[in-house]
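> Dropping a structure here in structure tokens format, bear with me for questions.
The values are calculated or read from the model by the stated rules, or taken from the named source; none is laboratory data. Worth saying up front: this structure is predicted, and the values here are computed from it rather than measured. Glycine also receives a Cβ, built like all others from the backbone with ideal geometry; neighbour counts cover every protein chain displayed. These area figures cover heavy atoms from the full protein model, side chains too; ligands, DNA and RNA do not enter into them. Shrake-Rupley method; radii C 1.70, N 1.55, O 1.52, S 1.80 Å.
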Amino acid sequence: MGKVGETTLVLDLSALEHNYRYLRSRIAPTTKFMAVVKAFAYGSDMVAIAKKLESLGVDYFAVAYVVEGSLLRNAGIKTPILVLHPLAANFDEMIDRCLEPNIYSLKILEQFVSTAKTKKQKDYPVHIKFNTGLNRLGFQKADLDQMAAQIKDCQEIKVVSFFSHLAASEDPDEKAFSNNQINSFLALSDELAQKLGDSPMRHMLNTSGIINYPEAQFEMVRSGIGLYGYGNEAAVDAKLKPIATLKTIISQIHEIPANESVGYNRAFKSERARKTATLPIGHADGIGRQYGKGKASILIHGKKAPIIGNVCMDMIMVDVTDIDCAEGDEVIVFGPESSAEQFASSAQTISYEILTAISQRVKRELLNE
Ligand SMILES: *Cc1c(COP(=O)(O)O)cnc(C)c1O
């Protein structure tokens, strides 16, 4: 990796390929793979990631919103795209861009069919979501009769998959709950398949589900975080490679005498003489204020430098009293050598949050395209 002159998120596409191949090795060769690239591919670079995965033969993409799917279509992505959380306001655009909706309620079904009618669609692919315990989006058993009746005499749409989502796939203490979700998904799928006289694909597993519930992979799995190199547990992390390294440089070094303060609200006080480094990255870049006041550390020449005082919008200050470093030296916020999961856990959050927080202001650089 070359030196950077400004805050940069370096994305290693060979690590992405490694992760994709690893996750595929954990499922049957016939099981399809849906790559979840919502939220700019977990804060990385949605178009670059999707192009690479498309070249590797991924079967499906998933995004959260229509706007994300349109960005992929604008970039020439041809692979089918499931929109996990479509809203009726975007149904016109959804059909224009060949994006496939998650149908999660009777109201959404009715609204989508009405748009599909207006736009003279036939057999437009849709995906039916069941709520099996997450209690977020999806149909319940009590909805099945009415839903099936509505779908059955409707030429405009065609159900291409049934799916559901586990609430705690990474948690070994919730195995009974997860198995219950899987069983109720199977029962709902069987019942609806019978009512419709059709057996679409079924998918239920996210990354940790692929690892912990391989028996429930059915016809397709949906993976996000694993593709980006994080597996929610040490044994899986060891097999994956974080694709992103967040780097920056030291803008200025200060020798702070005892009894001074550093930063806004004077949140850091020097009880003895300190050396600090100011870095060009702040909460507007995704490093939230929860990481300040000594919680998180960054790496300079392999040594940990804690963030001191409050995180500013465009800067942080770190303690480099015991680190031999100079202005212009490279700094690693997180990456393979110092994981985003570790950084996140220093402030009681998760890899997903810090990764997706990295703002669009931060330059992206692609490695091994
Ligand atoms: C985000 C999301 C996923 C991906 O989960 P990971 O834990 O990142 O693999 C899968 N399914 C649904 C419904 C999601 O919202």
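Yes or no, residue by residue, for (1) outside any helix (DSSP H, G or I); (2) over 13 Å from Leu246 (Cα atoms):
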residue: Ala277; (1), (2): yes, yes
residue: Ala284; (1), (2): no, yes
residue: Lys304; (1), (2): yes, yes
residue: Ile307; (1), (2): yes, yes
residue: Gly328; (1), (2): yes, yes
residue: Val333; (1), (2): yes, no
residue: Phe343; (1), (2): no, no
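> I've got another one for you. Do you know which residues across segment 200-214 are surrounded by fewer than 24 Cβ atoms within 10 Å (Cβ to Cβ) and β-branched (Val, Ile, Thr)?
Ile211
> Can you spot a residue in segment 345-355 that is in a helix (DSSP H, G or I), without any contact (Cβ under 8 Å) to a residue 12 or more places away in the chain and outside the structural domain of Ser44 (by TED's automatic domain parsing)?
Step one: filter segment 345-355 for residues in a helix (DSSP H, G or I), giving 345, 351-355.
Retained after the next criterion (residues that are without any contact (Cβ under 8 Å) to a residue 12 or more places away in the chain): 345, 353.
Add one more test, that the residue is outside the structural domain of Ser44 (by TED's automatic domain parsing), and what stays is 345, 353.
For segment 345-355, residues in a helix (DSSP H, G or I), without any contact (Cβ under 8 Å) to a residue 12 or more places away in the chain and outside the structural domain of Ser44 (by TED's automatic domain parsing): present.
> Can you work out which of the residues in segment 75-85 that are open to solvent by less than 10 Å² (accessible area, probe 1.4 Å) and touching a helix residue (DSSP H, G or I) at 6+ places or on another chain (Cβ under 6 Å) is nearest to Phe130 (Cα to Cα)?
That would be Val83.
> Among the numbered criteria (1) farther than 16 Å from Ile225 by Cβ; (2) buried (at least 23 other Cβ atoms within 10 Å of the Cβ), which single criterion is violated by Met34?
Unmet for Met34, out of (1) farther than 16 Å from Ile225 by Cβ; (2) buried (at least 23 other Cβ atoms within 10 Å of the Cβ): (1).
> Can you tell me how many residues within segment 1-29 are polar (S, T, N, Q), touching a residue at least 40 places away in the same chain (Cβ under 8 Å) and open to solvent by 20 Å² or more (accessible area, probe 1.4 Å)?
From segment 1-29, those polar (S, T, N, Q) are 7-8, 14, 19, 25; that's our starting set.
Now narrow it down to the ones that are touching a residue at least 40 places away in the same chain (Cβ under 8 Å): 7-8, 14, 19.
The next check asks that each one be open to solvent by 20 Å² or more (accessible area, probe 1.4 Å); those that pass are 14.
Of the residues in segment 1-29, 1 are polar (S, T, N, Q), touching a residue at least 40 places away in the same chain (Cβ under 8 Å) and open to solvent by 20 Å² or more (accessible area, probe 1.4 Å).
> If we scan segment 185-200, do we find a residue that is among the acidic types (Asp, Glu), farther than 28 Å from Asp96 by Cα and modelled with pLDDT of 95 or more?
Yes: one or more hits.
> Against the definition (of a type in the set (S, T, N, Q), farther than 28 Å from Leu355 by Cβ and part of a loop (DSSP other than H, G, I, E, B)), how does Asn259 come out, yes or no? So that I can check it myself, show each step before the final result.
Values: of a type in the set (S, T, N, Q): yes; farther than 28 Å from Leu355 by Cβ: yes; part of a loop (DSSP other than H, G, I, E, B): yes.
It is true that Asn259 is of a type in the set (S, T, N, Q), farther than 28 Å from Leu355 by Cβ and part of a loop (DSSP other than H, G, I, E, B).
> Continuing with this model, one more query. Being in a helix (DSSP H, G or I) and either in the same structural domain as Ala326 (by TED's automatic domain parsing) or surrounded by 17 or more Cβ atoms within 10 Å (Cβ to Cβ) (or both) is the filter here, so list the residues in segment 235-253 that pass it.
Across segment 235-253, the qualifying residues are Val236, Asp237.
> In segment 55-74, which residues are in contact with a Lys or Arg (Cβ under 7 Å, 6 or more places away or on another chain) and either open to solvent by 10 Å² or more (accessible area, probe 1.4 Å) or more than 15 Å from Gly224 (Cα to Cα) (or both)?
Of everything in segment 55-74, those that are in contact with a Lys or Arg (Cβ under 7 Å, 6 or more places away or on another chain) and either open to solvent by 10 Å² or more (accessible area, probe 1.4 Å) or more than 15 Å from Gly224 (Cα to Cα) (or both) turn out to be Asp59, Tyr60, Ala64, Glu68, Gly69, Ser70, Arg73.
> Exactly one condition in (1) of a type in the set (D, E, K, R); (2) surrounded by fewer than 17 Cβ atoms within 10 Å (Cβ to Cβ); (3) modelled with pLDDT of 95 or more is false for Lys152; which is it?
Lys152 satisfies every listed condition except (3).
> In segment 103-131, what count of residues is obtained for those that are open to solvent by less than 40 Å² (accessible area, probe 1.4 Å) and either assigned to a loop (DSSP other than H, G, I, E, B) or within 16 Å of the ligand (Cβ to nearest atom) (or both)?
Residues in segment 103-131 being open to solvent by less than 40 Å² (accessible area, probe 1.4 Å) and either assigned to a loop (DSSP other than H, G, I, E, B) or within 16 Å of the ligand (Cβ to nearest atom) (or both): 10 in total.
> Now for a separate question. If you take the residues of segment 32-61 that are more than 21 Å from Ser359 (Cα to Cα) and of a type in the set (A, V, I, L, M, F, W, C), which of them is farthest from the chain's Cα centre (by Cα)?
The residue in question is Leu56.
> What's the total number of residues in segment 254-287 that are within 24 Å of Val10 (Cβ to Cβ) and crowded, with 16+ Cβ neighbours inside 10 Å?
10
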